[in-house]
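A short write-up of the structure that comes next.
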Amino acid sequence: MLLWRRLAALRGQRAPRRFRAGAPGPRPVPRPGSGSRSGRTIDGGGAPRPLYMDVQATTPLDPRVLDSMLPYLTAYYGNPHSRTHAYGWESEAAMEKARRQVADLIGADSREIIFTSGATESNNMAIKGVARFYKSRKKHIITTQTEHKCVLDSCRSLETEGFHITYLPVKKNGLIDLKELEAAFQPDTSLVSVMTVNNEIGVKQPIHDIGEICRARNVFFHTDAAQAIGKIPMDVNNMKIDLMSISGHKIYGPKGVGALYVRRRPRVRLEPLQSGGGQERGLRSGTVPTPLAVGLGAACEVAQQEMEYDHKRISQLAERLVTKIMSEVPDVVMNGDQKHRYPGCINLSFAYVEGESLLMALKDVALSSGSACTSASLEPSYVLRAIGTDEDLAHSSIRFGIGRFTTEEEVDYTVQKCIQHVKRLREMSPLWEMVQDGIDLKSIKWTQH
């Protein structure tokens, strides 16, 4: 806490209360200013900041996680791979504790956890690593059209190396058809990669069933669980998962750290992506950043403790948001399956409203129209196109993210502003006026000049 007191003295602010991961105590409070009447938070410099409703892109650092990291950013700075002195031993012990915390969250053995820089690296390691190790016998991989961009790009990269990739379509509700998955297997299939919870529409795939299908065919099963870990129960043994990608900053941990679960029995072999000192069982050379690993471990421990409470509370807030918006605004479509989903990820399409215009109007609420990795693109979401959404509706989609620190007041403020601006933008839209006059827009043959 000494560091915080010094910083607080410089800034003229009070130091935050101390939290310890794994210890009983008060729940962390939301950031200062959240849920205010204006709906705006004020930072230390006095500049107005929007409410944060984009937790699928990233989450704020839980104070308990920060507290666990601070000693390893200051006093305990040893290299965890230095075996000749106490500085290294201290850091190594902290790193191994973090490894156990990650493993405990998913029902794994700590020896099966490989620290990485995040889920993107984990996905690359799993897909390219398995494909290249078994390439002499197996050159076929199965994935879906709605995977994260890093999975799809990894598969496209492998296609240039001579691998054959099957991109399974999804149904209109965003779920894969298990019969189509079974039909896609070939004698040389080495890997199936299907994400657990979709980062854009929140759909939850039948991971247990997919794992059973893959295990029966002796094919490795990888899942990108960045949006699922710490939010819904995950057990790699029960679900027959062989490789799993994890991200720190999606579960109120630090950015720049993640993990890859790699099953030991039956053993999964990977070809490393980078060469070096042979750390992390030779699969990921490079010094493990102890403070970040400790933060990831603490985030996993806190998530395990808070999961049931968080899920219940987030479900209530999500239902409140959707019910209020849909009761006040007609022609709103929820994208993705309404039953098999994670409730904190809500993707709504507002017909006859341009999504970018609505985002600009809602400048005092931090939202997005899709994945943060593709947010600079003006093209409609490839995930929404994969589930058969009309291009106009795809362009009108907004993703609302509700998380651990989201308050009821923030949800109500977001709903109020959303309803207000959707109605205003529709009043300015000639298409909305035509619909109100009973004209079927699909029957019109538009011409270009």
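Work through the residues other than LEU384 whose Cβ is under 12 Å from its Cβ and net out their charges, Lys, Arg +1 and Asp, Glu -1.
Details: positive: LYS172, ARG385, ARG399; negative: GLU200, GLU379, ASP390, GLU391, ASP392.
Around LEU384, the surrounding residues sum to -2.
Listed values for segment 299-316 are Karplus-derived 3J(HN,Hα) couplings in whole Hz (6.51 cos²θ - 1.76 cosθ + 1.60, θ = phi - 60°), namely 4, 5, 5, 4, 4, 5, 6, 9, 4, 5, 5, 4, 5, 5, 5, 5, 4, 5, and x replaces Gly and Pro. Within the shell defined by Cβ-Cβ distances under 13 Å, the residues around ASP331 carry a net charge of -1, with Lys and Arg each +1 and Asp and Glu each -1.
Rolling a 1.4 Å probe across the protein heavy atoms gives segment 134-220 an accessible surface of 41 Å² per residue. Bridging of LYS363 to lysines at a Cα separation below 21 Å is possible for LYS324, LYS417, LYS423, once same-chain residues fewer than 8 apart are set aside.
Measure up LYS172/LYS339; LYS179/LYS204; LYS204/LYS312; LYS240/LYS339 against 19 Å on the Cα-Cα distance and list the ones that go over.
Working: LYS172/LYS339 13 Å; LYS179/LYS204 17 Å; LYS204/LYS312 17 Å; LYS240/LYS339 23 Å.
Those over the limit are LYS240/LYS339.
When DSSP beta bridges are restricted to pairs lying wholly in segment 128-238, around 15% turn out antiparallel.
Round to the nearest 0.05 the FRET efficiency obtained for TRP89 and ASP235 when R0 = 35 Å and r is the Cβ-Cβ distance. E between TRP89 and ASP235, to the nearest 0.05, is 0.60. Amide H contacts under 5 Å for SER369: ARG399, restricted to partners 5 or more places along the chain or on a different chain, H placed in the peptide plane at 1.01 Å from N.
The values are calculated or read from the model by the stated rules, or taken from the named source; none is laboratory data. None of these values were measured; they are calculated from a predicted model. Note: ideal-geometry Cβ built from the backbone for every residue, glycine included; neighbour counts use all protein chains shown. What goes into the accessible areas is simple: the full protein's heavy atoms, side chains included, and nothing from ligands, DNA or RNA. Shrake-Rupley method; radii C 1.70, N 1.55, O 1.52, S 1.80 Å.
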